[in-house]
1. Which pairs break 23 Å Cα to Cα here: B:K88/B:K354; A:K117/A:K161; B:K79/B:K106?
2. Rounded to the nearest whole Å², what accessible area per residue is found for the stretch B:434-523 with the 1.4 Å probe?
3. Multiplying the sequence separation of B:D246 and B:A148 by 0.36 nm and subtracting their Cα-Cα distance, what value in nm do you get?
4. What is the spin-label model distance, in nm, from B:D492 to B:F37 if the labels are put 7 Å beyond Cα along the C-beta direction?
5. So for A:T121, B:T283, what's the accessible-area order with a 1.4 Å probe, most first?
6. Are there trypsin sites (Lys or Arg not before Pro) in the stretch B:469-547 that DSSP marks as loop and that have at most 13 other Cβ atoms within 10 Å, and which are they?
7. Please report the spacing between the Cα centers of the stretch B:193-258 and the stretch B:6-26 in Å, no decimals.
8. Give the residue list of GluC sites (Glu not before Pro) in the stretch A:89-176 that are DSSP loop and have at most 14 other beta-carbon atoms within 10 angstrom.
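The values are calculated or read from the model by the stated rules, or taken from the named source; none is laboratory data. On a predicted model such as this, the values are computed, not experimentally measured, just so you know. Here the Cβ is made from the backbone with ideal geometry for all residues, glycine too, and neighbour counts use every protein chain on show. These accessible areas exclude ligands, DNA and RNA; they are computed on the full protein's heavy atoms, side chains included. Shrake-Rupley method; radii C 1.70, N 1.55, O 1.52, S 1.80 Å.
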Amino acid sequence: MRIARIKPEIKTEDQEAVDLSLLNPLIEKYKNKKGNVIPLLQGAQEIYGFIPRQAFKKISDETGIKLSDIYGVATFYAQFRLSPVGKHIIKVCHGTACHVQNADTITDSLEDALKVKDGETTEDKLFTLESVACLGCCSLAPVMMIGDETYGKLTGSGAVKIVKDIRIKEKQKAEN
Amino acid sequence: MANTQVIVGLGSCGIAAGAKKTYEKIRSLQEAENLTFDLKQTSCVGMCYREPLVEVIDETGSYLYGDIDENKAVEILDKHLGQHSPVKDYVVQTDLFETSDNDFLKNQVKVVLRNCGYMNPESIEEYETREGYKAIRKIANEKLEQTAIIQEILDSGLRGRGGAGFPTGMKWKFAYNNESDDKYIVCNADEGDPGAFMDRSVLEGDPHAVIEGMIIGAYATGANHGVIYCRAEYPLAIKRLNIALDQARKKGYLGNDIMGMKGFSFDLFVKEGAGAFVCGEETALMASIEGKRGMPTKRPPFPAESGLWKKPTNINNVETYANVPWIILNGAGAYNKYGTEKSKGTKVFALAGKINRSGLVEVPMGMTIHDVIFKLGGGIIGNKKFKAVQMGGPSGGCIPEYLSNTIVDYDSVNATGAIMGSGGMIVMDESTCMVDVAKFFIDFTQKESCGKCTFCRVGTKRMLEILNRITEGNGAEGDIEKLEELAYQIRDNSLCGLGQTAPNPVLTTIKYFRDEYEAHIRDKKCPSMVCKQLLTYTVDEEKCTGCMVCLKNCPVDAISGERKQPHVIDQESCIKCGLCYTKCKFDAIVLS
Ligand SMILES: Cc1cc2nc3c(=O)[nH]c(=O)nc-3n(C[C@H](O)[C@H](O)[C@H](O)COP(=O)(O)O)c2cc1C
Ligand code: SF4
Ligand code: SF4
Ligand code: SF4
Ligand code: FES
């Protein structure tokens, strides 16, 4: 059931001070529009990468929408995250076409290489590994998406190489 | 003389295959060497299996090149454009000579996909030159009545392409008959069926056709507001829709008194989904647009009476709308000459899985499944044995090879226990385990159930547990019967289509592949060698190099052996995790 998506614990240290003023233009834009809850949450997630606890409170206070309603929506949809994620989100497709073309191997290999389980973030906070259901590129199965980039016809080792290349680039960036 | 055109396919599938790099290479060469040709972009023609695709149109005709990476692009520019000698080996489609894939497009009838891959989807002018917005113009010029348009759609026999196949004209009539100051028209672009990508291709390749279809629908039903609900996983589709909407507004196809039709005002916007399969169900979709949790509600009232914001609402699928301008322009008779008695026109299918040519095809209703897979799809990868095709996604079922002479129309597919669905066809060969496939779908519906109905929420979970047990070798006699009983209960006691159809993948696999279930339960064997826990792992002494990788990875130390000596697996302690198999670089671990 969809509600099972609620993460059992939300670590408070993850919720460090966020700049809530960034929300102002967003709230201004959607404040009195009907059907605004989802765009507000999508906007907040766009800003912070996830929806911080204080953001819920601020949105509720300033729009008059009940906190429970906002939280209810946020926990219903797979898109919304309540805790921070890595810089790059690796979405491994587990749709039908990818499943019959061994998508499990892709996730297994990445879990192994990144030393995380599905849904977790690496220690260096660079990657979060996720499973999704169909990216619409089934003809290139098995497929994964990192950022806006889609990678098709993967093998386990191919997927690991792509991720490692990104990590190397990030390291070089950090050193410069 | 017109310039030679070089057109690169930049749909999501093309981009994923590297088409952007190909495009950039061509662009930079053109710039560097000052070459005179028109570089253009288009979307996907359906030959996803040949992406990146580059079409060259010169004074002799059109040449579609397939699998074009940067190097091949350079070669084509040099030989074809420079020396006027096409690189025949790379041509996959042309009218000028025989190629490997000429038959792919030849056996299709393109109505919905009439523009996909043939024009730049980001250019309203190109759409207009391909008869775009001509249908709405015709309505304005000939002052066609709303009822006349509804009648035309009724006569065409068009049925909803979102899955259920409800006659579109009837739906429009209901919405038309309900008086209200505000009416809505909604396009369902949620495309949640994992393994289907028709709607994405249409939205990316021909967004204006969907918009024009919606404008016609709005005029016919009397709607003044429109919403396209598109899943967020399709960023390129959303981008192109928004570009198209801006262009249509500027040209007066949207707005007030459209095309001079006094009193016909209509505008529409794109609403992004937030990731929930159940939101494809129409009442849940409307709840989601209203900003609520996407939970289905009871019908009646039907959307046509009380839909979005409690106003009369008409909801159709992407492909349904894309048909509409063509029908208005060419007439119901031109459309219903294709198809079977009860299923008219054409249908787009997304071919994927173990098939050689995976991509998009559009065929007249009534073609056999076998022809779709073998004539168009080019058969099974590696000439393996075709086992089954899954149609209808989580609501559908698996049609076995021996029924592949079934024709594609709503009623014939329903008779097999599967459904036509939105048009996904996942082809499976002998290496696909049908119990595993059933488990895959139940796992999916179990996760996606909104939780409102007990049978859907708990029943799917119980089914999943039984299927897990069976695939792990702990199945017991009576499990099949338990699955069936649960299936009927879930089907009969669920509120929405998700629950009502969730058992279909299990029921059809039991019906056609009962022996596979029995092999798992009685013999603890997976005949297709997919279910890890039912396999035996041994080392092929010939191939083993003694690299010790498997030994180091085995979580229970079941492997022994010396460096450079063949290793041995102790079957008693092996827990069948499969790690050694994935780790061995020399294919020395044998499954049986
Ligand atoms: C669980 C569920 C998911 C659905 N998903 C979709 C979908 O992704 N796209 C779609 O067009 N219709 C979907 N439908 C069907 C819609 O409810 C509705 O029938 C359809 O949008 C009507 O359009 P049509 O008459 O043009 O087919 C779904 C139905 C159910 C029960
Ligand atoms: S059948 Fe399932 S998805 Fe549909 S309303 Fe009931 S619980 Fe929700
Ligand atoms: S990993 Fe393969 S080659 Fe290496 S010791 Fe194991 S079985 Fe032999
Ligand atoms: S399957 Fe797993 S437990 Fe068995 S030998 Fe291989 S690695 Fe060890
Ligand atoms: S099933 Fe993986 S992209 Fe569709």
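1. Check vs 23 Å cut-off fails for B:K88/B:K354; B:K79/B:K106.
2. 39
3. Gain in length upon complete extension: 32.4 nm.
4. So the two model labels end up 6.6 nm from each other.
5. Heavy-atom accessible area, descending, gives A:T121, B:T283.
6. Here the sparse-neighbourhood loop sites are B:K543.
7. Here the answer is 24 Å between Cα centres.
8. A:E123
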